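The values are calculated or read from the model by the stated rules, or taken from the named source; none is laboratory data. These figures come from a predicted structure and were not determined experimentally. Positions of Cβ are backbone-derived with ideal geometry, glycine not excepted, and every protein chain shown enters the neighbour counts. Heavy atoms of the whole protein, side chains included, go into the accessibility calculation; ligands, DNA and RNA do not. Shrake-Rupley method; radii C 1.70, N 1.55, O 1.52, S 1.80 Å.
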Amino acid sequence: MIQSRRSVFVSLVASAVLAAGVLAGGNAAASPTEETAGSPPTKVLIVLFDQMRPEYADRFYMPNFRELRDSGTNFDQAYLGYMGSETVIAHNVLMSGETPKNMGWVDEAYRDREGLLGSNTDQMYTTGELNYDQFGTLVQDKGYPKLGDYLQSAQPGKKFIVVGQKAYAVDSAAAASAHDTFDADIHVKFSSRSSSTPIAGSPDAACNATLGGRYRFPDGKNVPTYLTAFCGRYYVNSANTYGTSTAFPSWIYPLDGNRFVPGDDSAHLGGDTWVADAAMDMMENEDWSGMFVTMGGIDKAGHMWGAQNDRQSLPGSVDYQTHVQYAAENADVQLGLMLDKLEEMGELDDTLVVLTADHGATWGEEYYGKMSPGASTTSDTNWYYGPTSKPTVYNDPSPSIQPLIDTENVAFSYQSTSIQTWLLNDSRVQRNKALKVMQNLPGVIATYWHHGNKYVLNDKNPIPQSEKAWFKSTAQDIVNTMADTNGPDLVALLRDKVSYGAYGDHGGASESVQRVPMVFWSANMAEGNDTSTTFRTPDVMPTILRALGIDQTYPTDGQASSLD
Ligand SMILES: [Zn+2]
């Protein structure tokens with residue numbers, strides 16, 4: 001597979017160089033503009049490697065990623081430029097070009113001040129549990145168009161497709177905008193888990209037996225029937241844990257079956273293999289203009305084992321598939337297969353390929369979450385304290401944030417590699433009391449409070465030398481991107497290598513969690529273009545429009561970058 005990828009790219013690059021040379025040599029007066037150098041691609045394939053740090057491409061065997069990176073345009077100093085540095089934020093920043101404060105939700109928690117989601121104003125929700133329609137309501141309230149809108153007006157009738165494991169990633173990316181009835185024409189994610197107690201003799205019980213326990217299957221909108229055959233290829237086990245529920249630190253946030261790993265059942269492979277197989281089936285069977293493929297394998301492994309601090313176990317180990325290296329290398333194989341599929345269909349040289357991540361990662365060298373098995377799953381999660389939140393109440397927080405809880409003024413607190421707090425009473429006196437407590441929580445380097453369209457720095461603690469320059473040049477701007485009415489009243493930034501959520505985590509403003517790979521490739525593009533140009537994730541959507549030759553008609557926080 002890798003051999004075939006390599007030969008494809010050699011020939012594509014050669015023909016692109018040849019075409020440019022003929023134009024330049026044939027008519028000295030003509031400058032090889034985008035028009036003369038070849039028409040822009042009409043399709044875009046975005047492949048997102050959830051939680052991939054840029055160095056993984058070289059640290060691990062990721063030849064397909066490297067090949068596109070090294071022959072396309074690589075923004076090697078790219079970073080998110082916003083908070084929260086989380087899946088549920090990034091997936092819609094990528095689709096909208098907006099920073100969180102103009103997007104409708106800014107973090108893992110949302111305060112419904114205007115009663116958009118229910119009659120109770122000020123109700124707290126966890127955004128990871130919002131559904132497709134609720135994300136749509138928040139998008140429509142802001143009223144911006146998304147990538148799918150532009151693609152559909154440029155190429156009516158062609159489909160925009162989103163596929164990935166996580167409901168909140170896929171639903172937020174696909175959520176409908178105000179401008180037409182656009183929703184991703186097709187979006188595919190995993191269902192929730194099947195019953196642990198299927199009725200004896202039922203088809204559920206039979207499938208449960210086939211798959212070796214509880215299972216998940218393709219869910220979403222307009223899921224094609226070729227993906228949904230009952231108990232077929234796209235049904236996967238949701239019970240096996242591959243040792244992650246009995247080992248530390250993975251037991252804090254263990255696997256449930258083959259949602260994020262391929263698994264051992266060759267007829268029902270899960271993980272990023274499932275995502276790519278579904279994507280390739282749709283490439284082949286649908287008339288599409290855009291596809292957003294989001295692969296969650298690296299993220300799950302990173303949360304369980306400590307991201308860049310994880311070390312691969314030996315082949316044959318029960319936990320072999322559960323580690324970061326395995327996940328990264330498998331995701332790269334899937335990328336290669338998808339590129340081969342497009343090439344085979346004769347569509348690769350008409351496709352803009354974008355490779356990125358939704359955030360980076362760090363790990364809990366200092367870890368302040370609860371360390372018990374399952375502490376970061378379900379209602380016991382380390383990430384949330386929300387005694388009245390919807391749809392789930394979270395009221396069993398880590399003892400580390402007890403001083404904050406003791407203020408009796410917390411509507412919600414989210415803690416990962418930063419801490420955000422929504423207050424019940426935000427009077428000056430109460431706010432300052434809570435800020436003082438947050439300033440003294442372990443790992444905190446700076447605290448901020450929300451004031452209109454920005455955050456005000458309250459106080460700083462000593463910042464490690466290695467983080468000073470990054471903090472000084474980015475922190476304030478990054479925190480400001482949360483300054484919407486639904487956002488947190490208070491923010492505390494943490495030192496790098498401090499986590500409260502899972503053992504490997506992200507969510508804050510440190511360089512480790514903000515840096516992301518950012519690669520654009522198409523057959524017509526300038527070759528081997530490494531650029532240190534400032535590039536932030538909100539720039540992706542406008543840059544895609546520009547590369548496809550589609551006029552941007554609505555302002556975005558992000559700016560289009562040239563890929564030449
Ligand atoms: Zn993510």
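Here are a few things to note about the model shown:
Results for (1) of a type in the set (Gly, Ala, Ser); (2) within 24 Å of the chain's Cα centre (by Cα); (3) surrounded by fewer than 18 Cβ atoms within 10 Å (Cβ to Cβ), shown as yes or no for each residue.
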| site | (1), (2), (3) |
| --- | --- |
| Leu138 | no, yes, no |
| Asp149 | no, yes, no |
| Ile161 | no, yes, no |
| Ala169 | yes, yes, no |
| Arg193 | no, yes, yes |
| Arg216 | no, yes, no |
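- Just one residue in the set Tyr234, Tyr226 is modelled with pLDDT of 95 or more and part of a loop (DSSP other than H, G, I, E, B); that residue is Tyr234.
- Scope the range 467-499; condition surrounded by 22 or more Cβ atoms within 10 Å (Cβ to Cβ) and hydroxyl-bearing (Ser, Thr, Tyr); matching residues: Thr481, Ser499
- Contact map, the range 406-428: first residue part of a strand (DSSP E or B), second residue charged (D, E, K, R) and open to solvent by 10 Å² or more (accessible area, probe 1.4 Å), Cβ cut-off under 6 Å, separation 6 or more or different chains; pairs are Tyr414/Glu108; Trp422/Arg111; Trp422/Asp489; Leu423/Asp489.
- Against the test of being surrounded by fewer than 24 Cβ atoms within 10 Å (Cβ to Cβ) and under 29 Å from Gly81 (Cα atoms), the options Ala411, Ala361, Ala357, Ala375 yield a single qualifying residue, Ala411.
- Filtered residue count, the range 464-507, keeping only those that are among the basic types (Lys, Arg), in contact with a Gly (Cβ under 6 Å, 6 or more places away or on another chain) and either within 16 Å of the ligand (Cβ to nearest atom) or free of Cβ contacts under 8 Å to residues at least 24 places away in the same chain (or both): 0
- Residue within the range 438-457 that is in contact with a helix residue (DSSP H, G or I) (Cβ under 6 Å, 6 or more places away or on another chain) and surrounded by fewer than 20 Cβ atoms within 10 Å (Cβ to Cβ) present: yes
- Met95 being part of a loop (DSSP other than H, G, I, E, B), within 15 Å of the ligand (Cβ to nearest atom) and not aromatic (Phe, Trp, Tyr): no
- Restricting attention to the range 457-480, the residues that are in contact with an Asp or Glu (Cβ under 8 Å, 6 or more places away or on another chain) and closer than 25 Å to Asp112 by Cα total 0.
- Filtered residue count, the range 292-349, keeping only those that are open to solvent by 10 Å² or more (accessible area, probe 1.4 Å), assigned to a helix (DSSP H, G or I) and more than 16 Å from the ligand (Cβ to nearest atom): 14
- Residue within the range 84-92 that is in a loop (DSSP other than H, G, I, E, B), at pLDDT below 95 and farther than 20 Å from Lys142 by Cα present: no
- Qualifying residue in the range 397-405 (condition: over 19 Å from the mean Cα position of the chain (by Cα), small (Gly, Ala, Ser), open to solvent by 10 Å² or more (accessible area, probe 1.4 Å) and at pLDDT 95 or above): yes
- Applying the set (1) touching a residue at least 60 places away in the same chain (Cβ under 8 Å); (2) crowded, with 21+ Cβ neighbours inside 10 Å to Pro224 leaves exactly one unmet item: (2).
- Positions within the range 38-80 being under 19 Å from Arg536 (Cβ atoms), of a type in the set (A, V, I, L, M, F, W, C) and part of a loop (DSSP other than H, G, I, E, B), in sequence order: Met52, Ala78, Leu80
- Qualifying positions in the range 249-266 - assigned to a helix (DSSP H, G or I) and not hydrophobic (A, V, I, L, M, F, W, C): Ser250, Gly257, Asn258, Arg259
- Extreme residue, least open to solvent (accessible area, probe 1.4 Å), among residues of the range 267-291 that are over 19 Å from Pro41 (Cβ atoms), outside any helix (DSSP H, G or I) and touching a Pro at 6+ places or on another chain (Cβ under 9 Å): Gly270
- Which listed residue is in contact with a strand residue (DSSP E or B) (Cβ under 9 Å, 6 or more places away or on another chain), under 30 Å from Tyr367 (Cβ atoms) and aliphatic (A, V, I, L, M), from Met295, Met291, Met283: Met295
- Breaking point among (1) crowded, with 23+ Cβ neighbours inside 10 Å; (2) touching a residue at least 60 places away in the same chain (Cβ under 8 Å), for Tyr368: (1)
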